[in-house]
Structures are given as C-alpha cells and as structure tokens.
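Here the structure is laid out as structure tokens; the discussion comes afterwards.
The values are calculated or read from the model by the stated rules, or taken from the named source; none is laboratory data. Source: prediction; values computed, not measured. Heads up, the Cβs are rebuilt from the backbone with ideal geometry, glycines too, and the neighbour counts pull from every protein chain shown. Heads up: the accessible areas ignore ligands, DNA and RNA and are worked out on the full protein's heavy atoms, side chains in. Shrake-Rupley method; radii C 1.70, N 1.55, O 1.52, S 1.80 Å.
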Amino acid sequence: MNGAVDPRRRVPRTDVLLADPRLAAAAATVGRARLKAVVCGAQDRARRGEIPPDEVLATALAELPDTAAGLRPVLNATGVVLHTNLGRAPLSPAAVAAVVAAAGYTDVELDLRTGRRARRGRGALAALAAAVPAAGAVHVVNNGAAALALVATALAGRGREIVISRGELVEIGDGFRLPDLLVSTGARLREVGTTNRTVLADYAAAVGPRTALVLKVHPANFVLRGFTAAVSVEDLATLGVPVVVDIGSGLLAPDPLLPAEPDATSALRAGATLVTASGDKLLGGPQAGLLLGDADLVERLRRHPLARALRVDKLTLAALEATLTGSETPTWRALRATPAALRLRTERLRDRLAEQGVTAEVVTAVAVVGGGGAPDVTLDSWALALPESYAAPLRTGNPPVVGRLDRGRLLLDLRCVPPDQDDVLRAAILRCLDRGGRTEMSPRSSAPSREP
Ligand SMILES: *Cc1c(COP(=O)(O)O)cnc(C)c1O
C-alpha cells in the first residue's frame, strides 16, 4: 500500500459508488436501505485498512444480497438431508416455479369458469387425495404441530381425554414438547403404559366415556431398543374409539429405502381414523401439516374456528401441489444419491482444487435423514475433508457453505449439494484463500496477506 497517502482519503464517496449502474440496479431488488448499508460496510472496511480503497466497489457488489429478505440461500454440505436449521426440505424446481407463479394475484379461492368462490387450495387438496387413495378426505394446515393442535382442540378440547402411551411423549425440538402442545388446547392426557412398554390392555383399561381419541405418535427422533413393546395401529383400531396417528415424517406411501418409517397409506389401511404429518420432512415439500382420513372427521376439523387461524397461504398451496405432482424432489434425490456417484463428484472436486493449489482429502462419511426423522438410518457417503480453519470463512462467504466439523477437520458432504452446484462450491472454497490469514493450514497460507 502506498504509505505516502492516507488510504482513508482514497475511499470512494457514497454518491460515486451508488452511481455505478450495477449498484443502482440492485436498489430495485434489495431496497435502498440495505444497499446503502452494504456500501457503507465496504467503505468502513477500506477505512480500517481491511481492503484497498479501489476494491470498495467490487466488495460491495460481492456482498450485495440477492434479495431484500435476510434469508440467504445456503449450500448444505452437512450430509443432513432435512436440516431444520437450514429450512428442512429444499423445494423441487416444479414447486419453486409454482410459488413464483402464485406470488401475484391468483385464483386460490375463485373458480375462473363460473366466476364464483371456490374451495381454497383445491388443487393441492386434490393432489394430496390422489396420492393417498386410502384417505376419505384431506386437509392442510400450517405445519405438523398445527395439525395436532387442531385435532386436539376440535376432538378433545374442554377436558376430554387423549389416551397416549408414555413411550410417545415426545419433545420435537427447541424445547417444544408434544404433550405440552396437546394440553395447551384444553384436552387432558391420559397416559398409559411405561416409557419402554405399552400393551393393548393398558389402552383398553384407560378408554372410557371421557375418551376423545387414542393418539399414536411416531417417536421420530429417537430409537427405543431392548425390552420394549408398543401397540400396532391394527390393534388400537379394535378399541372402538378414533385412532389418530401422528406419523411425523410425511411419507405418503411405504418407501423401501426407509422400511422403519411409518407412512400415511399403511396407517390408514391398518385402521387409523386420521393421520397427521409434516409436508417438509420426507415428502420434500413446503412447511405444512397434512391431515388425512375419515371424511366426516376431516370436515369437522376443516370447519372448526381454529382451522382459520392455521390455514396455509397460497404460496404453500402452490408448492405443495407441485411437490406432489411435479418431478422428483431434491430430498428424494439426496436420499437416493449412491455412494459411488458421490465419491466420483468428491474426487473430481478434490482434483480440480488441487490444480488450484488447495490440498483436500476424500474420506468416507455418514449422512443422515435429519429433521427429527429416521434416527436409525445412516446413508453411506463421501466427503471432502479440509482444515477446520475453512469452516468460518465458508460459512460467512457468498453463498454460505455449511459443512460438518469432525475431529479437527471440516467435512463437506456433497449428498445434499445439487450436482450443478459443484462449481459454485469449488469457487467458494477458493475464495477462502483470498480472505487473508484464516486458512493457515492450506498450502497457500504463505501467500501475501492483504492486511496492511
Ligand atoms: C416433526 C414432527 C412433528 C411436528 O411437525 P412440524 O411440521 O415440524 O410442526 C410432530 N410430530 C412428529 C412425530 C414429528 O416428527
């Protein structure tokens, strides 16, 4: 840096920067306030000597978000297919296109042929009904928890009882517990059995005039092994009261890849009165709560006052319908990516990085379903291993890349990275080298730092 001139005096002025056509155009998508904040941030960094003054414009352009929302697209290299902190299921291209198309005015509640009011979300509901012929009727609410809240309120509120096994009193995450949710609706829980064993006689002894329903919750995020017993849906269906099955995961039909995961079709065929599930778990769609089952009961839920507070918006309906009718979801693809194909991609990435001076290793890895589902299932995978010092710069880069730390290394598992993003990932890794001082274990660590 030229020592004679104070670099702070060479930082370009805001109005000069904002006159750049690329920055000016960005105001339309990210908004003026955010644009200014990014520009000021780049100027501040130049004033602190972190970047040269002639790089302020390029820095501002690089740091400009793509949208006016703070949510940023992230490359998920964790190997966790449904990562709750990363928004669970990525939408399929079909669902994304449907969301964009539905973003403006749309015929969500209007029949364009007759000009009359129509059933809200009829396309999504029809697609869901077609996917699960065993269901007499279907309804969609905001999420799986909302589906349970609606069931408990409408069928068991005002002190009526929900009979539930002590082995199925589940905490779903972030401190939220299903029993607390159920009780908050005014329903009473009648707990039966023990943590590890519940038998049909336990339910039978508890069922009586105050029973509203028996609830079977799939213990989706843990495994109970050893001296255990649980009662099948078939057996619960003999009790003579409604049986509601919360399958959680959102599988609509059996999946040979996940034989232990319950699915809506099987639960209904086994005699469940109603099934509740999440749209953004194994179904691979938007956040939504699916209710499937007895037509009269579904109609009662649909007409309950609380249903209005839990209803889904047009974007969700569009995404859900397209998830059900469109092409394979990214979730489905990530679950089925073969270890051989992942290894090939990872080795190619390693080789191309090597050409550019980054040494990385290809190692075996273990991916999981995540999203509180299929805790027993592991998916053989491969990962690129980098020094741990890459983790923070990758996470804070653009796009952010989130991997997994393992014994002092950063593992990047390509299972949940769309194959067409491999080059984006490679560029993100290479950019870490340009960000001075934070990749001290990399072979380029002796490259001149930009720190003054
Ligand atoms: C995930 C889950 C829920 C909650 O569903 P959300 O869509 O996250 O609200 C409820 N029950 C079970 C068994 C689950 O796995």
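Table for the structure above
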item: Subset of segment 351-362 (residues that are part of a helix (DSSP H, G or I) and surrounded by 18 or more Cβ atoms within 10 Å (Cβ to Cβ)); result: 353
item: Positions within segment 405-419 being more than 20 Å from the chain's Cα centre (by Cα) and open to solvent by 30 Å² or more (accessible area, probe 1.4 Å), in sequence order; result: 405, 406, 407, 408, 409
item: Considering residues of segment 202-218 that are within 30 Å of the chain's Cα centre (by Cα) and among the aliphatic types (A, V, I, L, M) only, the residue farthest from the ligand (Cβ to nearest atom); result: 214
item: Residues of segment 158-182 classified as under 27 Å from the mean Cα position of the chain (by Cα) and either of a type in the set (A, V, I, L, M) or in a loop (DSSP other than H, G, I, E, B) (or both), total; result: 8
item: Enumeration of residues in segment 107-119 that are of a type outside the set (A, V, I, L, M, F, W, C) and open to solvent by 60 Å² or more (accessible area, probe 1.4 Å); result: 107, 113, 114, 116, 117, 119
item: Unique match (being at pLDDT below 95 and at positive phi) among 240, 250, 193; result: 250
item: Residue check for residue 174: within 13 Å of the ligand (Cβ to nearest atom), free of Cβ contacts under 8 Å to residues at least 12 places away in the same chain and either under 19 Å from residue 162 (Cβ atoms) or open to solvent by less than 10 Å² (accessible area, probe 1.4 Å) (or both); result: no
item: Any chance residue 20 is out of contact with any Ser or Thr (no Cβ under 7 Å at 6 or more places or on another chain), outside the structural domain of residue 320 (by TED's automatic domain parsing) and at pLDDT below 95; result: yes
item: Only listed residue being assigned to a helix (DSSP H, G or I) and at pLDDT 95 or above, chosen from 391, 365, 385; result: 391
item: Top-ranked residue of segment 139-156 - restricted to ones that are away from the ligand (no atom under 16 Å from the Cβ) and open to solvent by 10 Å² or more (accessible area, probe 1.4 Å), ranked as farthest from residue 321 (Cα to Cα); result: 155
item: Residues satisfying the stated conditions in segment 380-397, i.e. within 30 Å of residue 143 (Cβ to Cβ) and in contact with a Leu (Cβ under 7 Å, 6 or more places away or on another chain); result: 381
item: Residue list for segment 379-404, restricted to those being more than 20 Å from the chain's Cα centre (by Cα), aliphatic (A, V, I, L, M) and within 23 Å of residue 257 (Cβ to Cβ); result: 383
item: Every residue from segment 284-338 that is of a type in the set (Val, Ile, Thr) and in contact (Cβ under 8 Å) with a residue 60 or more places away in the chain; result: 298, 312, 316, 323, 325, 329, 331
item: Subset tally (residues that are without any contact (Cβ under 8 Å) to a residue 24 or more places away in the chain and surrounded by 15 or more Cβ atoms within 10 Å (Cβ to Cβ)) for segment 186-215; result: 0
item: Verdict on residue 165 being within 30 Å of residue 85 (Cβ to Cβ), within 15 Å of the ligand (Cβ to nearest atom), at pLDDT 95 or above and open to solvent by less than 10 Å² (accessible area, probe 1.4 Å); result: yes
item: Conditions (1) surrounded by 12 or more Cβ atoms within 10 Å (Cβ to Cβ); (2) assigned to a loop (DSSP other than H, G, I, E, B); number of the one not met by residue 81; result: (2)
